[in-house]
Amino acid sequence: MRFKLLAASLLVGSFPLAATAVPIAGEFTATVWGVTESGAAVPGGIGAGTAVTGAFQFENQGQAAYQELGGGIDESRYLSYSPGSFLRISIGSSVWESAGLSIGVRNDSDNLGDDMLALLFSTNLGFFDPAFPGATSFPGIPAGMANSGFGISLFDTGSLNFLSSQALPGSISEINLDSANFRNGSIFGNANGADAFYAINFNIDSVVMRDVATSVPEPGTLPLVAAGLLAVWLFARRRGVARELRARLSPIAKIRASGKND
């Protein structure tokens with residue numbers, strides 16, 4: 001019983017409290033209002049009135065802005081490509097998807113007079129961070145082709161209480177979705193990196209967001225777990241060795257006892 005309690009205490013002590021990251025995820029629906037073809041065909045016969053759906057998730061803890069726009073623009077841009085990050089737009093059977101995205105946060109812009117939250121993928125983001133992943137799906141466009149991208153943007157051009165700062169929102173409680181009075185998205189596929197492209201533009205009809213709580217092990221958790229398991233094993237081995245010695249010595253003790261009795 002004492003061994004079981006010790007083992008349990010060692011194992012529990014091996015796991016420190018986990019830090020909690022709270023990515024933001026969401027979904028949206030939209031409707032295509034216009035398409036453009038210039039040397040590259042829009043995939044899937046997409047046209048005005050075609051329904052659009054999409055989803056996203058981005059990490060909002062610890063990133064430094066990779067770009068700051070001052071001069072009255074008042075916008076910060078962040079990258080998210082940690083596990084679980086993604087941006088996906090689906091139109092019919094065609095899917096545009098990436099395992100990373102840029103989050104643009106604009107607050108009380110003096111020149112533009114708006115707040116903005118933009119979730120975008122671009123093949124050019126690798127220039128800012130070489131580790132940034134390419135698109136996992138980009139119909140009609142060669143992998144890694146420059147000047148291609150897709151995403152959505154939400155604006156507050158009225159009351160300007162959509163966002164409270166240029167920092168990444170720590171949770172959806174810091175995003176006032178109801179004040180986003182202008183919401184749109186686009187896909188721009190550059191087939192040759194220069195002048196052959198297609199473009200799809202859509203208005204967002206609805207968007208929802210939610211916090212996604214996930215447990216992240218603190219640094220050093222695995223070594224601590226290993227140390228706890230090793231301590232349990234050593235204690236068990238010591239008890240086993242002691243029992244074995246007692247078993248071996250017990251006949252000798254009996255012989256000695258019987259000899260004294262004789």
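The values are calculated or read from the model by the stated rules, or taken from the named source; none is laboratory data. What you are looking at is a predicted structure, and each value in this text was computed from that prediction instead of being measured. With ideal geometry, Cβ positions are generated from the backbone for all residues, glycine too; neighbour counts draw on all protein chains shown.
Which of the residues spanning region 64-85 are surrounded by fewer than 20 Cβ atoms within 10 Å (Cβ to Cβ) and farther than 27 Å from THR157 by Cβ?
The answer is ALA64, SER82, PRO83, GLY84.
Scan (1) part of a loop (DSSP other than H, G, I, E, B); (2) free of Cβ contacts under 8 Å to residues at least 40 places away in the same chain; (3) of a type in the set (S, T, N, Q) for the single condition GLN61 breaks and write down its number.
Looking at each condition in turn, GLN61 falls short on (2).
Kindly evaluate ILE187 against the criterion of being assigned by TED's automatic domain parsing to the domain that holds PRO83, in contact (Cβ under 8 Å) with a residue 40 or more places away in the chain, in a strand (DSSP E or B) and under 25 Å from the mean Cα position of the chain (by Cα).
Criteria met by ILE187.
Tell me whether region 102-122 contains one or more residues that are assigned by TED's automatic domain parsing to the domain that holds GLY49, loosely packed, with under 14 Cβ neighbours inside 10 Å and more than 26 Å from ALA180 (Cβ to Cβ).
Looking through region 102-122, none of the residues is assigned by TED's automatic domain parsing to the domain that holds GLY49, loosely packed, with under 14 Cβ neighbours inside 10 Å and more than 26 Å from ALA180 (Cβ to Cβ).
When you look at MET145, is it aliphatic (A, V, I, L, M), assigned to a strand (DSSP E or B) and either within 26 Å of THR31 (Cα to Cα) or assigned by TED's automatic domain parsing to the domain that holds TYR66 (or both), yes or no?
no
Among residues belonging to region 161-183 that are over 19 Å from the mean Cα position of the chain (by Cα) and buried (at least 17 other Cβ atoms within 10 Å of the Cβ), point out the one that is nearest to TRP96 (Cα to Cα).
Here the answer is ARG183.
Could you say whether any residue in region 143-154 is in contact (Cβ under 8 Å) with a residue 12 or more places away in the chain, buried (at least 20 other Cβ atoms within 10 Å of the Cβ), under 13 Å from GLU75 (Cβ atoms) and under 19 Å from the mean Cα position of the chain (by Cα)?
No, region 143-154 has no match at all.
Being closer than 19 Å to PHE28 by Cβ and touching a strand residue (DSSP E or B) at 6+ places or on another chain (Cβ under 8 Å): is that true of ALA167 here?
No: the conditions fail for ALA167.
GLY158 - would you say it is surrounded by fewer than 17 Cβ atoms within 10 Å (Cβ to Cβ), in the same structural domain as ILE187 (by TED's automatic domain parsing), without any contact (Cβ under 8 Å) to a residue 40 or more places away in the chain and not in a loop (DSSP other than H, G, I, E, B)?
It is false that GLY158 is surrounded by fewer than 17 Cβ atoms within 10 Å (Cβ to Cβ), in the same structural domain as ILE187 (by TED's automatic domain parsing), without any contact (Cβ under 8 Å) to a residue 40 or more places away in the chain and not in a loop (DSSP other than H, G, I, E, B).
Name, by its number, the condition in (1) surrounded by fewer than 18 Cβ atoms within 10 Å (Cβ to Cβ); (2) among the β-branched types (Val, Ile, Thr); (3) modelled with pLDDT of 95 or more that does not hold for VAL32.
Status for VAL32: all satisfied but (1).
I'm told ILE89 meets every condition in (1) in contact with a strand residue (DSSP E or B) (Cβ under 7 Å, 6 or more places away or on another chain); (2) over 20 Å from ILE24 (Cα atoms); (3) surrounded by 15 or more Cβ atoms within 10 Å (Cβ to Cβ); (4) not basic (Lys, Arg) except one. Can you identify the failing condition by its number?
With respect to (1) in contact with a strand residue (DSSP E or B) (Cβ under 7 Å, 6 or more places away or on another chain); (2) over 20 Å from ILE24 (Cα atoms); (3) surrounded by 15 or more Cβ atoms within 10 Å (Cβ to Cβ); (4) not basic (Lys, Arg), ILE89 is out only on (2).
Can you name the condition, by its number, that LEU224 falls short on among (1) in a helix (DSSP H, G or I); (2) surrounded by 13 or more Cβ atoms within 10 Å (Cβ to Cβ); (3) modelled with pLDDT of 50 or more; (4) not β-branched (Val, Ile, Thr)?
Answer for LEU224: the failing condition is (3).
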